[in-house]
Amino acid sequence: MTETTQTLPFQAEAKELLELVIHSLYSQREVFLRELISNASDALDKLRLEAHSHPEWSVSEADLAIRLEIEPARHLLRVIDTGLGMSREELARNLGTIAHSGTRKFKEQLAAAQTSAEPGGNAAGAAGLIGRFGVGFYSAFLVADSVRVVSTRAGSNESWRWSSNGQGEFQLEPVATSRRGTCVELELKPVGDGDEAAQDYCRPAELARLVRRYSDFIAWPIQLAAAHWDGPAELKRLVAADGLEVLVLNSQKPLWERAKEDIRPDEYAQLYRHLTHGEEAPMETLHFRAEGAQEYTALLFLPAQRREEPFQRPSEHADISLYVKRVFVMDHCEHLAPPWLRFVAGVVDSLDLPLNVSREVLVENRLLRQIQGKIVQKVLAALGEMLRERRADYERWWSEFGAILKEGIVLDHARREELLALCLFPGTTGAWSLLSEYQARAPKEQSKIYVLSGTSKESCERSQHLEALRNAGREALFLVDPVDEWILAQVDGFQGQEFLALEREAPDWELASEREHREEQERHMRATLEAVEAALGSRIQTARLSARLAESPAVLVNAPGSMGPHMARVLAQKQQAQRPPARILELNPTHAWTTRLKEVQAKDPSQLAGLAELLYGQALLAEGSTLEDPRRFAQLLTSFVLSGTSPS
Ligand code: ADP
């Protein structure tokens with residue numbers, strides 16, 4: 001150690017996380033190579049991008065490569081790249097810290113991954129967490145007792161060595177200048193019986209297998225000195241820029257450039273995992289080429305599961321990387337897909353865009369707008385096909401991503417009907433329904449689509465608003481995603497049929513004779529209803545007889561144009577809702593409680609106010625709302641119970 005060596009602690013959480021990674025991923029330890037190669041590949045991509053504005057770096061394409069170096073006798077493996085490199089500060093920051101507050105979340109997800117996975121296979125789920133948590137580099141400690149990283153930032157003439165044994169500290173020291181880029185040196189652990197297994201990662205055949213399995217499509221050559229190995233004949237042999245004869249372990253051909261027919265599903269899955277840092281296979285793969293006015297290739301994936309981004313707000317943009325003539329330009333390119341397709345992952349490689357495009361230039365780019373249009377069209381067509389041909393898959397997909405797709409209904413007028421046709425809704429049948437399926441099942445005389453808004457399927461199922469509807473043999477669809485409220489507010493209906501919001505609009509299935517009868521009853525009840533209104537004051541707008549109830553004594557109905565339950569909740573959380581808007585109290589005309597109210601009003605009007613309050617309170621409780629004054633409600637209840645069923 002030199003005098004200038006500095007020993008620094010890992011950020012507290014990093015140490016804990018490191019131990020977790022090491023212990024939980026042990027059986028999947030070979031993923032370390034994929035992670036180190038991905039980092040090297042990123043560093044080369046970044047170098048090429050930055051080099052555009054630094055001609056003085058005189059970067060030569062031929063020099064850009066990843067090299068694996070082995071020293072079996074000393075159990076050493078090095079992953080070397082000629083990429084952007086890291087300064088002293090970057091080494092300390094990137095390799096000494098893990099994003100804040102990640103540990104707890106990581107532990108939770110790890111526990112979930114382990115319990116949900118097969119016994120013995122639990123590491124598969126856990127391994128997917130590596131990339132997601134930005135701890136890829138730390139996977140080196142899965143196979144190494146000690147790791148040394150020597151790095152030289154492009155444009156700098158200082159080199160630094162970062163070293164650690166993964167035990168809570170790392171050292172930083174200056175070293176004699178080496179060439180641009182980064183060398184990660186692993187001192188391999190003796191694992192398994194004796195140190196045979198550790199030496200595995202010093203074996204060329206094993207390294208070649210891992211590269212083929214995890215990193216084949218990496219655009220940069222992954223080289224290994226030919227002196228170590230004869231290798232199979234199909235491996236490319238060449239003399240590298242530094243004069244060394246090497247074997248190239250990866251085919252390097254971007255997957256999207258190969259003919260669709262020649263690509264195996266597991267090769268697509270491999271790229272998908274690389275792009276998403278996950279372990280799952282995609283639900284659907286779209287691979288297409290556009291020729292003519294504009295040439296590009298798109299390889300897009302629809303994921304099967306929603307992925308949480310623990311350190312970030314959920315991304316607003318699809319995870320689509322833009323390449324120009326095979327060269328990586330940017331990831332999360334927001335101009336390639338609208339926000340409501342942000343679940344899409346993949347790659348677009350254009351032949352027509354200039355190589356040095358920047359995000360600013362892209363904003364107004366006509367070519368990109370055309371590509372986006374095509375992507376939207378292709379994704380919707382694929383979803384339509386999945387819906388028709390693989391309904392169960394579609395339902396599973398929809399329950400993960402439907403709420404995102406639905407945003408398009410509000411954001412993209414032109415595609416409204418097309419998107420509505422893809423929407424599945426839960427409902428009274430207990431199964432998912434398309435709007436068209438609902439319409440097909442509805443009786444001929446039904447001219448509207450009945451919908452009920454709620455915060456969950458369960459709360460909708462229990463809703464009193466459905467009592468008479470069920471008795472009339474009608475169905476309702478449930479709107480339980482927050483976005484549904486916007487849709488309802490902006491969309492008139494579907495294929496000429498309007499929506500009827502059950503929690504605020506009157507049922508339209510009541511027969512004329514029934515209505516006349518109810519209106520007649522209401523005239524007889526007028527004085528009682530007015531007394532109820534007087535007793536409840538500003539809490540309700542009006543009291544009236546209901547056409548929507550069967551068993552319950554009363555229900556609260558929202559005033560026309562009132563906000564839905566999600567919006568009300570959001571405002572309440574922000575404490576902006578001073579007083580909820582007054583609602584309408586509807587009484588069940590056939591319920592004994594209504595008869596009792598009428599009797600009390602006639603015989604002993606002084607008792608009516610208490611009874612009205614009780615009725616209002618139980619209507620709130622029945623819909624799952626909270627009482628404004630629970631103590632008063634309890635007192636009223638007690639006094640009515642103790643004075644017998646009759647309040648008089
Ligand atoms: P992730 O790659 O998921 O961000 P890692 O733990 O693998 O997380 O790496 C942390 C950071 O260290 C990277 O984001 C990158 O900035 C830097 N880094 C790692 N390896 C290299 C490398 N070979 N060259 C340059 N920078 C690197």
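Bear in mind these aren't lab numbers, they're just calculated from the coordinates by the rules spelled out. Predicted model, so just to flag it, every value in this text is computed and none were measured. Reconstructed Cβ throughout: ideal geometry from the backbone, glycine too, with neighbour counts over all protein chains shown.
Under 17 Å from the 7 Å Cα→Cβ point of S60, by amide nitrogen: which residues of region 68-96?
82-83
By DSSP, what percent of the beta bridges with both residues in region 256-389 are antiparallel, rounded to the nearest 5? Working shown, then result.
Numbers: 16 of 22 bridges.
In region 256-389, approximately 75 percent of DSSP beta bridges are antiparallel ones.
Measure nothing fancy, just the Cα-based angle from helix 123-132's long axis to the longest principal axis of the chain, in degrees from 0 to 90, nearest 10.
Computed tilt is about 80 degrees.
Apply the a/c threshold of 1.5 to the C-alpha gyration tensor of region 425-501 and tell me whether it is rounded, prolate or oblate. Before the final figure, lay out the partial values.
Numbers: a/c = 1.58, a/b = 1.03, b/c = 1.54.
Here region 425-501 falls in the oblate category.
Is the shape of the chain best called rounded, prolate or oblate, per the rule: a/c under 1.5 gives rounded, else a/b larger than b/c gives prolate, else oblate, with a ≥ b ≥ c the square roots of the Cα gyration tensor eigenvalues?
Working: a/c = 3.09, a/b = 2.22, b/c = 1.39.
Prolate, since a/c reaches 1.5 and a/b exceeds b/c.
Tell me the label-point distance for the pair H52, E385, using the 7 Å Cα-to-Cβ offset, in nm and rounded to one decimal.
For H52 paired with E385, the spin-label model returns 3.4 nm.
Which value, in debye to the nearest 20, gives the size of the charge dipole of region 145-296 about its Cα centre, when Lys and Arg are +1 and Asp and Glu are -1 at the Cβ? Present the calculation step by step, with values, prior to reporting the outcome.
Values: 18 positive and 26 negative charges, 99 e Å.
Dipole magnitude for region 145-296 comes out near 480 debye.
Hand me the trypsin sites (Lys or Arg not before Pro) from region 237-329 located in a DSSP loop with no more than 16 other Cβ atoms within 10 Å, in residue order please. Numbers along the way, then the final one.
Details: sites: R237, R258, K260, R273, R289, R306, R307, K325, R326; in loops: R258, R306, R307, K325, R326.
Sparse-neighbourhood loop trypsin sites (Lys or Arg not before Pro): R258, R306, K325, R326.
In degrees, nearest 10, range 0 to 90: what is the angle between the Cα axis of helix 265-276 and the longest Cα principal axis of the chain?
For helix 265-276, the angle is close to 80 degrees.
Subtract the Cα-Cα distance of S639 and L8 from 0.36 nm times their separation in residues, and report this length gain in nm to one decimal. The partial results should precede the final answer.
Working: separation 631, 0.36 × 631 = 227.16 nm, distance 7.08 nm.
Extra length available between S639 and L8 comes to 220.1 nm.
Could you tally the net charge around L302, taking each other residue with its Cβ under 11 Å from the Cβ of L302, Lys/Arg +1 and Asp/Glu -1? Kindly include the intermediate steps, with their values, before the conclusion.
On the way: positive: K378; negative: E284, D393, E400.
So the surrounding residues net to -2.
Can you check what the net charge comes to around H591, using other residues whose Cβ is under 15 Å from the Cβ of H591 (Lys, Arg +1; Asp, Glu -1)? Each step should come with its number before you reach the end.
On the way: positive: R518, R544, R548, R596, K598; negative: E467, E522, E551, E586, E599.
Net charge in that neighbourhood comes out at 0.
Around P482, with a cut-off of 12 angstrom between Cβ atoms, what is the net charge of the other residues, counting Lys and Arg +1 and Asp and Glu -1? Display every interim value, and only then the final one.
Values: positive: K406, R569; negative: E407, D481, D484, E485.
Net charge in that neighbourhood comes out at -2.
Count the DSSP beta bridges whose two residues both fall in the chain, then state the antiparallel fraction as a percent rounded to the nearest 5. Intermediate values should be presented prior to the final figure.
Numbers: 67 of 88 bridges.
Antiparallel: roughly 75 percent of the beta bridges in the chain.
Mind putting a number on the dipole of the chain about its Cα centre? Charges go on the C-beta only, +1 for Lys and Arg and -1 for Asp and Glu, and I need it in Debye to the nearest 20.
Values: 74 positive and 94 negative charges, 178 e Å.
That gives the chain a dipole magnitude of about 860 debye.
Kindly work out what percent of the DSSP beta bridges joining two residues of region 425-501 are antiparallel, to the nearest 5.
Values: 4 of 11 bridges.
Restricted to region 425-501, the bridges split so that about 35 percent are antiparallel.
So, R0 is 22 Å and r is the distance between the beta-carbons of Q541 and K603; what FRET efficiency does that work out to, to 0.05?
Numbers: r = 28 Å, r/R0 = 1.26.
Using R0 = 22 Å, I get an efficiency of 0.20.
Can you tell me how region 159-266 classifies by the Cα gyration tensor, rounded, prolate or oblate, using a/c under 1.5 as the rounded cut? Before the final figure, lay out each step's value.
Values: a/c = 1.80, a/b = 1.49, b/c = 1.21.
Because a/c hits 1.5 or more and a/b exceeds b/c, region 159-266 counts as prolate.
Mind checking the full-extension length gain between R470 and K325? Use 0.36 nm per residue of separation minus the Cα-Cα distance, one decimal, nm.
Details: separation 145, 0.36 × 145 = 52.20 nm, distance 6.02 nm.
46.2 nm is the gain from fully extending R470 to K325.
Using a 10 angstrom Cβ neighbour count of at most 14 plus a DSSP loop assignment to flag exposed GluC sites (Glu not before Pro), which longest range of the chain is free of such sites? Present the calculation step by step, with values, prior to reporting the outcome.
Details: sites that count: E3, E158, E234, E291, E295, E308, E316, E364, E445, E551, E628.
Counting at most 14 other Cβ atoms within 10 Å as exposed, the longest clean stretch of the chain is 4-157.
If r is the Cβ-Cβ distance from A582 to A442 and R0 is 30 Å, what FRET efficiency results, to the nearest 0.05? It would help to have the intermediate numbers written out before the result.
Values: r = 33 Å, r/R0 = 1.09.
Efficiency for this residue pair is about 0.35.
Among S159, M567, L44, flag the residue with its Cα farthest along the positive direction of the charge dipole of the chain, charges on Cβ as +1 for Lys/Arg and -1 for Asp/Glu.
Projecting each Cα onto the dipole axis, the largest value belongs to M567.
Per DSSP H run of n ≥ 4, the term is -39500 (n - 2.57); total these for the chain, divide by its residue number, and report the mean residue ellipticity at 222 nm rounded to 500 deg cm²/dmol. Each step should come with its number before you reach the end.
Details: 21 runs with 251 residues, N = 648.
That calculation yields -12000 deg cm²/dmol at 222 nm.
How tilted is helix 592-603 with respect to the longest principal axis of the chain? Cα atoms for both, answer in degrees (0 to 90, nearest 10).
Once rounded, one gets 40 degrees.
Would you please give the FRET efficiency between A431 and A506, computed as 1/(1 + (r/R0)^6) with r the Cβ-Cβ distance and R0 = 25 Å, to the nearest 0.05? Mind dumping the intermediate values first?
Values: r = 27 Å, r/R0 = 1.09.
Between A431 and A506 the formula returns 0.35.
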